[in-house]
Amino acid sequence: MTDISPTTTSPLGMEPEELDGLASKLEVLFSADFTSRWSDLEFEELALHAFNVQFQHNPVYRRFCEGKNAVPTSVTSWQQVPMVPTTAFRYLDLVTGDHSSVRMVFRTSGTTSTTLSSGRHLVSRPSLYHASLLSNFREHLLPDAEKIKFISLIPSPAEMPHSSLSYMVGVAADTMSSEVQWFVDGEGVLNSAGLIKTLNDAALAGEEVLLLGTAFAFVHWLDELAGRELRRLPPGSRIMETGGFKARARDITKEQLYKSLSMTVGLETNRIVNEYGMTELLSQLYESHLTQPNELQEGHTPPPWLRVRALNPTTLEPVAENETGILAFFDLANLGSVCHVLTEDIGQVIDGRIRLEGRFPGAEPRGCSRAMDELMTSSQVTRR
């Protein structure tokens, strides 16, 4: 798999000893048995350790925290750790540790405002990211198989070297695929004929596959098929779908898309798993259709090293469970940047799972905007 271009020519960037030690510990924990849940106390201790490291070794974040009078000696819970809005990744290099240790750059594909620049996430420890994504991916998409054939409607890492989604699929394929075939190029052009042939060949051979794609790509492909049904895939096959449901050509609900996919390839809708992620978070959240097929589990399951809250979009105070709010994540996989991230997505938190409801309409929520202004002021950067 093609490496993502580093941002520096120096391969010898030295990590602070404390940061390196915590990163190594987290890497081991991420790679351990996924089913062992972390207690609140275990997560708290690691989260506060991560905050201390980021406060000490991320100058931009430290100035922001000091402006809010939030320092390691006064912060006693992960909920008190200052949140950085996702918009900050458009303007600031949020790196914990030496900039010369950065190995990869992931770029955002777009924003809710056409006037804002795209963001980027600088990744200094790929092995930590790999540990988090691989155990999470296997738990929710391959709980019953060591390897499976990957058929991807997501461009390869070679085609889109700064896409965190392409990179994620590439890393997973390197470890868990018996074979991987890519059917969308870096320009978004779909090889529909090749995809149809590959799926039909797999069906004839009785070969189980993992079909991966964005909602955009699946809608485009289904429109090209115009209702044509393919040979039924073996029942052990599965689909990973990611992204929103407002396609470029037409809007479609999740239920409509899944019903169409089910009819086209002959899989039950409970064999389709939605993945939720973003460039600013290095962890992903999945639906649990394959791991808990006999239970009614609505929403996305966070990995053990991530916590999520729904907040009032104006005050940024937590809302009651089952109430809709703007989502904030504390992601320990973000050790090399900033762990506590305030998004522009809205949803509910129910028994630790999230029920997504889409993006906050229009401009930034006022709470996010205020947090961003505070961060930019502390960094002495003028917003473009």
Filter result (closer than 14 Å to Leu267 by Cβ and of a type in the set (A, V, I, L, M, F, W, C)) within the stretch 177-221: Leu199, Ala202, Ala203, Val209, Leu210, Leu211, Leu212, Phe218
Can you list the strands (runs of 3 or more DSSP E) lying wholly within the stretch 254-315 that have 2 or more residues being in contact with a strand residue (DSSP E or B) (Cβ under 8 Å, 6 or more places away or on another chain) and closer than 20 Å to Ile154 by Cβ? 272-278, 281-286
Mind listing whichever residues of the stretch 180-208 are out of contact with any Gly (no Cβ under 9 Å at 6 or more places or on another chain) and of a type in the set (A, V, I, L, M)? Val189, Leu190, Ala193, Leu195, Ile196, Leu199, Ala202, Leu204, Ala205
Applying the selection to the stretch 113-125, what residues are touching a strand residue (DSSP E or B) at 6+ places or on another chain (Cβ under 6 Å) and modelled with pLDDT under 95? Ser118, Arg120
Across (1) assigned to a loop (DSSP other than H, G, I, E, B); (2) within 20 Å of Leu19 (Cβ to Cβ); (3) modelled with pLDDT of 95 or more, Ser74 clears everything bar (2)
Which of the residues spanning the stretch 154-194 are surrounded by fewer than 22 Cβ atoms within 10 Å (Cβ to Cβ), of a type in the set (A, V, I, L, M, F, W, C) and out of contact with any Asp or Glu (no Cβ under 9 Å at 6 or more places or on another chain)? Ala158, Val171, Val189, Ala193
For Glu207, all conditions in the list (1) farther than 30 Å from Val102 by Cα; (2) of a type outside the set (A, V, I, L, M, F, W, C); (3) in a strand (DSSP E or B) hold save one; what is the number of the exception? (3)
Would a scan of the stretch 95-108 turn up a residue that is touching a Lys or Arg at 6+ places or on another chain (Cβ under 8 Å), part of a helix (DSSP H, G or I) and hydrophobic (A, V, I, L, M, F, W, C)? no
Cβ-Cβ under 7 Å pairs, at least 6 apart or on other chains, the stretch 314-327 side farther than 12 Å from Phe360 by Cα, far side polar (S, T, N, Q) and modelled with pLDDT of 95 or more: Val319/Asn312; Asn322/Gln348; Glu323/Gln348
Tell me which residues, restricted to the stretch 125-176, are within 15 Å of the chain's Cα centre (by Cα), part of a loop (DSSP other than H, G, I, E, B) and farther than 30 Å from Lys197 by Cβ. His162
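Yes/no per residue for (1) modelled with pLDDT under 95; (2) part of a helix (DSSP H, G or I); (3) closer than 20 Å to Gln79 by Cα; (4) touching a Leu at 6+ places or on another chain (Cβ under 8 Å):
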residue: Thr9; (1), (2), (3), (4): yes, no, no, no
residue: Leu12; (1), (2), (3), (4): yes, no, no, no
residue: Ser24; (1), (2), (3), (4): no, yes, no, no
residue: Asp33; (1), (2), (3), (4): yes, no, no, no
residue: Arg37; (1), (2), (3), (4): yes, no, yes, no
residue: Glu44; (1), (2), (3), (4): no, yes, yes, no
residue: Leu48; (1), (2), (3), (4): no, yes, yes, no
residue: Val53; (1), (2), (3), (4): no, yes, yes, yes
residue: Arg63; (1), (2), (3), (4): no, yes, yes, no
Pairing a residue in the stretch 253-279 that is on the phi > 0 side of the Ramachandran plot and surrounded by 15 or more Cβ atoms within 10 Å (Cβ to Cβ) with any residue that is part of a loop (DSSP other than H, G, I, E, B) and of a type in the set (S, T, N, Q), where Cβ atoms lie under 9 Å and the two sit 6 or more apart in sequence or on different chains, gives Gly266/Ser237
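State all residues of the stretch 171-203 that are polar (S, T, N, Q) and over 15 Å from Asp223 (Cβ atoms); if no residue qualifies, say none. Outline the logic, then answer.
Just the residues of the stretch 171-203 that are polar (S, T, N, Q), to begin with: 175, 177-178, 181, 191-192, 198, 200.
Residues satisfying the conditions are Thr175, Ser177, Ser178, Gln181, Asn191, Thr198, Asn200.
Do we have Thr315 as more than 25 Å from Val123 (Cβ to Cβ), of a type outside the set (Phe, Trp, Tyr), surrounded by fewer than 22 Cβ atoms within 10 Å (Cβ to Cβ) and at pLDDT 90 or above here? Reasoning before the result, please.
On the way: more than 25 Å from Val123 (Cβ to Cβ): yes; of a type outside the set (Phe, Trp, Tyr): yes; surrounded by fewer than 22 Cβ atoms within 10 Å (Cβ to Cβ): yes; at pLDDT 90 or above: yes.
Considered against the rule, which asks whether it is more than 25 Å from Val123 (Cβ to Cβ), of a type outside the set (Phe, Trp, Tyr), surrounded by fewer than 22 Cβ atoms within 10 Å (Cβ to Cβ) and at pLDDT 90 or above, Thr315 comes out as yes.
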What number of residues within the stretch 334-384 satisfy the criterion of being among the hydrophobic types (A, V, I, L, M, F, W, C), touching a Ser or Thr at 6+ places or on another chain (Cβ under 8 Å) and at pLDDT below 60? 4
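The values are calculated or read from the model by the stated rules, or taken from the named source; none is laboratory data. Predicted model only: the values in this text are computed from it and were never measured. FYI the Cβ positions are ideal-geometry reconstructions off the backbone, even for glycines, and counts take in every protein chain you see.
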